[in-house]
Amino acid sequence: MKIVYNKYIPFKGFGLMNILDLVFSRRPENEITLVSKRHEKTHTYQQYELLMIASIISLVLCNIYASWGYLLGVLIIPFAIYIAAFLIEAFIPPYHNAKECFDGKCFCNKIKAIPTWLGKVWMDAYRDNCFEREANMNERNVNYHIHRRWCGWAWYILKRNKRKGK
Ligand SMILES: [Zn+2]
């Protein structure tokens with residue numbers, strides 16, 4: 001794992017960003033613990049697995065349709081899977097914070113609360129999607145990467161978090 005310390009990547013509010021084991025960090029070196037390194041290592045495995053899945057699907061499509069154009073799938077499919085995981089968290093119950101945002105408010109205030117609610121849905125979908133959950137739940141397990149199942153993240157699609165204020 002190579003860590004690049006800088007002031008610009010990732011966006012404000014995020015500490016680390018991992019691209020195929022190249023990690024960008026806004027935080028200084030002394031704040032990067034073994035726990036965060038293990039967390040990022042899990043993301044590395046996830047990204048290589050997504051690339052592998054995308055490569056197989058793309059090559060099969062290239063063969064079926066006799067066109068190299070489907071190799072673009074290698075780039076598109078990993079993002080498509082990530083976006084799908086994100087949308088599962090955003091739009092399939094248990095819902096996010098709807099009660100605390102909307103309950104007991106008049107119609108006008110309910111309308112005004114929509115952007116706040118969407119912001120919370122967005123943050124929850126980022127924090128709770130299966131990729132982030134696998135990394136978070138196992139970052140303190142020293143042996144995780146020895147025993148990890150292939151595509152360990154996929155199991156977390158089924159094990160969804162309970163949330164407060166459904
Ligand atoms: Zn993460």
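What follows draws every value from the coordinates through simple rules; no lab data is involved. As the structure is a computational prediction, the values presented were derived from the model and not from experiment. No Cβ is skipped: glycine too gets one built from the backbone with ideal geometry, and neighbour counts run over all protein chains shown.
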Margin query: At a 10 Å Cβ-Cβ cut-off, how would you order S67, S55, S36, fewest neighbours first?
Written below: S67, S55, S36
Checklist line | Kirkwood estimate for the chain, i.e. one over the average of 1/r between Cα atoms, Å | finding: 18.1
Next item on the list: Kindly point out which whole DSSP H helices in the chain project their C-alpha atoms 15 angstrom or further along the helix axis while averaging a Kyte-Doolittle hydropathy of 1.0 or above.
Entry: 73-91
Next item on the list: Return E29, E100 ranked ascending by Cβ neighbour count within 10 Å, so the fewest neighbours appear first.
Entry: E29, E100
Check: In what order do Y126, Y144, Y8 fall by count of nearby beta-carbon atoms within 10 Å, going from fewest to most?
Finding: Y8, Y126, Y144
Next item on the list: Starting from the Cα-Cα distance between L20 and W150, subtract it from 0.36 nm times their residue separation and give me the gain in nm to one decimal.
Entry: 45.1 nm
Check: Between region 1-56 and region 64-79, what is the C-alpha centre distance in whole Å?
Finding: 25
Margin query: What aspartates and glutamates does K112 reach when the alpha-carbon gap must be under 16 Å and sequence neighbours fewer than 8 apart in one chain are set aside?
Written below: E100, D103
Next item on the list: Rounding to the nearest 20 debye, state how big the charge dipole of the chain is about its Cα centre with +1 on each Lys and Arg Cβ and -1 on each Asp and Glu Cβ.
Entry: 640
Next item on the list: Would you grab the residues whose amide H sits under 5 Å from the one on I3? Only those 5+ places off in sequence or on another chain, please, with H modelled 1.01 Å from N.
Entry: V23
Check: Among residues other than P10 whose Cβ falls under 15 Å from its Cβ, what is the net charge (Lys/Arg +1, Asp/Glu -1)?
Finding: +2
Item checked: Of K120/K159; K2/K37; K2/K41, those spanning more than 19 Å from alpha-carbon to alpha-carbon -> K120/K159
